[in-house]
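The values are calculated or read from the model by the stated rules, or taken from the named source; none is laboratory data. Please read all numbers here as calculations on a predicted model, not as lab measurements. Virtual Cβ from ideal backbone geometry, glycine too; neighbours counted across all protein chains shown. The accessibility values were calculated without ligands, DNA or RNA, using every heavy atom of the protein model including side chains. Shrake-Rupley method; radii C 1.70, N 1.55, O 1.52, S 1.80 Å.
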Amino acid sequence: MKIVAFLGSPRKEGNTELLLMKAVQGIEESGQNVRIFNLNLMNIAPCQNCGGCDDTGICIFEDEMAQIYDAIRTADRIILASPIFFFAVSAQTKIMIDRCQCFWCEKYLLKKTVPAGAYGRKGLLLLVGGMKKEIGIQCAEVSAKAFFRTVSVPEHKTLSYLGVDAKGAILKNPSALKDAYEAGKELVKV
Ligand SMILES: Cc1cc2nc3c(=O)[nH]c(=O)nc-3n(C[C@H](O)[C@H](O)[C@H](O)COP(=O)(O)O)c2cc1C
């Protein structure tokens with residue numbers, strides 16, 4: 001099974017990363033490997049809406065998004081993990097999502113969906129916000145849902161935690177790490 005994860009937080013060992021790594025632990029203990037893309041460390045330009053992918057479904061811009069396109073196309077499971085920044089997913093996450101416009105063209109203009117393998121395609125969405133305002137989660141989830149739909153991942157589970165602000169504060173949440181671990185295990189169950 002091919003599993004890819006996108007870490008959208010710039011904070012090293014921050015709450016999103018801690019949550020993601022628990023999900024990864026659950027997956028690895030199930031005998032699978034996860035390829036993690038740390039979006040903050042990657043050279044990915046924002047979508048220019050140049051129309052270069054309209055007729056082909058292939059982005060004409062050459063940067064590190066190339067490896068992500070390949071990973072998304074061949075993945076059985078996709079994990080998207082982002083902090084809430086200004087009531088949305090982080091910029092790092094959103095830039096990657098926007099660059100999936102070529103998948104949108106492929107699916108909706110060229111009428112081709114990314115083919116699923118024997119295990120189907122499933123997603124896991126992990127969100128952490130420092131405030132206690134649900135609207136941040138709702139806004140982020142709308143973007144994430146559009147991402148999953150566009151890359152032909154028809155179902156995903158969401159785990160979201162609010163009021164988690166200081167670095168490492170997620171460790172004090174009574175259920176978050178266990179939830180993520182279980183969600184990781186569940187994600188790769190066949
Ligand atoms: C630029 C910025 C904007 C933020 N905006 C929000 C927000 O709109 N809503 C919210 O709940 N938390 C917000 N936060 C708080 C973060 O979501 C919170 O600190 C979170 O734990 C960060 O996760 P991380 O440790 O994985 O980076 C913001 C933090 C930053 C740095």
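For the stretch 168-177, the Karplus equation 6.51 cos²θ - 1.76 cosθ + 1.60, evaluated at θ = phi - 60°, returns couplings of x, 4, 4, 5, 8, 5, x, 10, 4, 5 Hz by residue, with Gly and Pro reported as x. Binning the C-alpha pair distances of the chain at 10 Å intervals from 0 yields a P(r) profile of 10, 38, 37, 14, 2 %, listed from the shortest bin outward.
Summed over the residues of the stretch 1-91 and divided among them, the accessible surface reaches 48 Å² per residue at a probe radius of 1.4 Å. Of the residues I58, Y161, L20, the one whose Cα sits farthest towards the positive end of the charge dipole of the chain is Y161 (charges of +1 on Lys and Arg Cβ, -1 on Asp and Glu Cβ, taken about the Cα centre). Longer than 23 Å from Cα to Cα, which of K2/K167; K107/K145; K2/K133; K122/K145; K132/K185; K2/K185 are they? Say none if no pair is. Violating the 23 Å Cα-Cα cut-off are K2/K167; K2/K133; K132/K185. Between A45 and K172, the C-beta separation translates, for a Förster distance of 25 Å, into a calculated FRET efficiency of about 0.10. Per-residue ellipticity at 222 nm from helix content only, as computed over the chain with -39500 (n - 2.57) for each DSSP H run of at least four residues, stands at -10500 deg cm²/dmol. With all protein chains in place and a 1.4 Å probe, the accessible surface of the stretch 16-62 carries 46 percent carbon and sulfur.
Measuring with a 1.4 angstrom probe and ignoring ligands and nucleic acids, I95 comes out at about 50 Å² accessible. The angle between the Cα long axis of helix 65-74 and the longest principal axis of the Cα atoms of the chain comes to about 90 degrees, rounded to the nearest 10. For the stretch 84-190, averaging the sequence separation of C-alpha pairs within contact (under 8 Å, six or more residues apart) and dividing by the residue count gives a relative contact order of 32 percent. Placing a pseudo-label 7 Å from each Cα along the Cα-to-Cβ vector at L162 and V190 gives an inter-label distance of 3.9 nm.
In a reduced charge model with +1 at each Lys and Arg Cβ and -1 at each Asp and Glu Cβ, the stretch 24-89 shows a dipole moment near 200 debye about its Cα centre.
Relative to the longest principal axis of the Cα atoms of the chain, helix 15-28 runs at roughly 80 degrees. Magnitude of the charge dipole for the chain, about its Cα centre and with charges confined to Cβ atoms of Lys, Arg (+1) and Asp, Glu (-1), is about 420 debye. Sites listed here are GluC sites (Glu not before Pro) in the stretch 1-46 whose DSSP assignment is loop and whose Cβ has at most 14 other Cβ atoms within 10 Å: E13, E29.
Distance from the Cα centre of the stretch 25-86 to that of the stretch 97-141, in angstrom? Cα centroid of the stretch 25-86 versus Cα centroid of the stretch 97-141: 11 Å apart. Please work out whether the stretch 1-62 counts as rounded, prolate or oblate from its C-alpha gyration tensor, where a ≥ b ≥ c are the square roots of the eigenvalues and a/c under 1.5 means rounded, while otherwise a/b larger than b/c means prolate and anything else oblate? Here the stretch 1-62 falls in the oblate category.
Here the chain carries DSSP beta bridges of which approximately 10% are antiparallel, counting only pairs with both residues inside. Here the contact order of the chain, divided by its residue count and restricted to Cα pairs under 8 Å and six or more residues apart, works out to 32 percent.
Ranked by the mean number of other Cβ atoms within 10 Å per residue, highest first, peptides 30-37, 118-125 order as 118-125, 30-37.
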